């Protein structure tokens, strides 16, 4: 049975022998490092066609800037600028002196301030593992800020019991930039009403633009004590990677309403590689589609779009949270 083991965002690696560029000991020069980076992306990055990017033309722009006389900082800056043309925060470059990644949330509305939530809406809240929990106007509220932080079955049992008599549940994952998708899977099992198809994955498995594995369908089904309530999921542009996948999961369930801004995206499994100079880089090596075929790489839109204005924040209002309370009351 195909299951959500796919959520682990399995790393898809090709053998070195598949790429004639890689010799036993490639030269450690700026030219060699640049060419290895460009060629690895050329044959292994999965979103060129989807994003309408002509990678050959990118080479023609950046390769003339490279010579063996440039400094490490200059090389890093040129590589960073080239990789940012992909508009993908799963594409990053890491050296001993710097880290480069694309700021997917730039220019997006802030849409979240936890101090406002605590001061205006929460009372004597519980800290349940890595989550904050309270009851607001007969509605359960859970703040889960990072899928890097674990959530246990005991944590979830406590929340199910705490919210047993509420009108519904608000699950707030705004500003959650991802982490371990299995934490989202564990939480999602408590929200699922029945086994449903949540998305479909394909992995890059060859050098051609359309060299992909056959489609693998991922499913999510209930396990353990469920919330058994209507759920509102609060999202914003800083919901990325595992939080983007969790939002994709929740779209499959009719009793879940998603409120806020489009997520930040990050719909490809990040795969790593090392350059001769010891720098490391990641790239996206898979495509994920919702059951209707929608590709989640650039983000998932909400059911109800709402932003928080600066005036709202100054007056201590969270309009997304207030709309969620209206929805469940």
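Coordinate-derived values only; no laboratory data. Here the structure is a predicted model, which is why all the values come from computation and not from measurement. Using ideal geometry, Cβ is built from the backbone for each residue, glycine included, and neighbour counts are taken over all protein chains shown.
Mean residue ellipticity at 222 nm from the helices of the chain, using -39,500 (n - 2.57) per DSSP H segment of n ≥ 4 over the full residue count, to the nearest 500 deg cm²/dmol? Provide the component values of the computation, followed by the final result.
Values: 10 runs with 93 residues, N = 329.
Result for the chain: -8000 deg cm²/dmol, rounded to the nearest 500.
Percent of Cα-Cα pairs more than 22 Å apart in segment 199-308, please. Of all Cα-Cα distances in segment 199-308, 42 percent exceed 22 Å.
Taken along the Cα-to-beta-carbon direction at a fixed 7 Å, the label points for residue 195 and residue 87 span 3.8 nm.
Do you know the relative contact order of the chain, to the nearest whole percent, from alpha carbon pairs under 8 angstrom that are 6+ apart? Kindly include the intermediate steps, with their values, before the conclusion.
Details: 675 pairs, mean separation 70.3, N = 329.
Averaging sequence separation for qualifying contacts and normalising by length gives 21 percent for the chain.
Derived from the Cα gyration tensor, the three semi-axes of the equivalent ellipsoid of segment 202-243 are 33, 18, 7 Å, largest first. In terms of Cα atoms, the Rg and Dmax of segment 94-228 work out to 18.6, 56 Å.
I'd like the FRET efficiency for residue 54 and residue 309, computed as 1/(1 + (r/R0)^6) with the beta carbon distance as r and R0 of 41 Å, rounded to 0.05. All intermediate terms of the calculation are to be shown ahead of the outcome.
Values: r = 39 Å, r/R0 = 0.95.
That gives a FRET efficiency of 0.55.
Mean-square fluctuations from a GNM of the chain, with a 10 angstrom spring cutoff on Cα atoms, peak among 107, 35, 211 at 107. The candidate values were (1) 1.09; (2) 1.18; (3) 1.05; the one computed from these coordinates for Cα Rg over 2.2 N^0.38 Å carries the label (1).
Fully extended, how many nm does the chain gain between residue 215 and residue 25 (0.36 nm per residue separation, minus their Cα-Cα distance)? It would help to have the intermediate numbers written out before the result.
Numbers: separation 190, 0.36 × 190 = 68.40 nm, distance 3.64 nm.
Contour length minus Cα-Cα distance gives 64.8 nm.
Tell me, 203, 141 in order of fewest to most beta-carbon neighbours within 10 Å? Working shown, then result.
Values: 203 20, 141 25.
Ranked by crowding around the Cβ, least crowded first: 203, 141.
Taking 7 Å steps out from each Cα toward its Cβ at residue 67 and residue 317 produces label points 6.0 nm apart.
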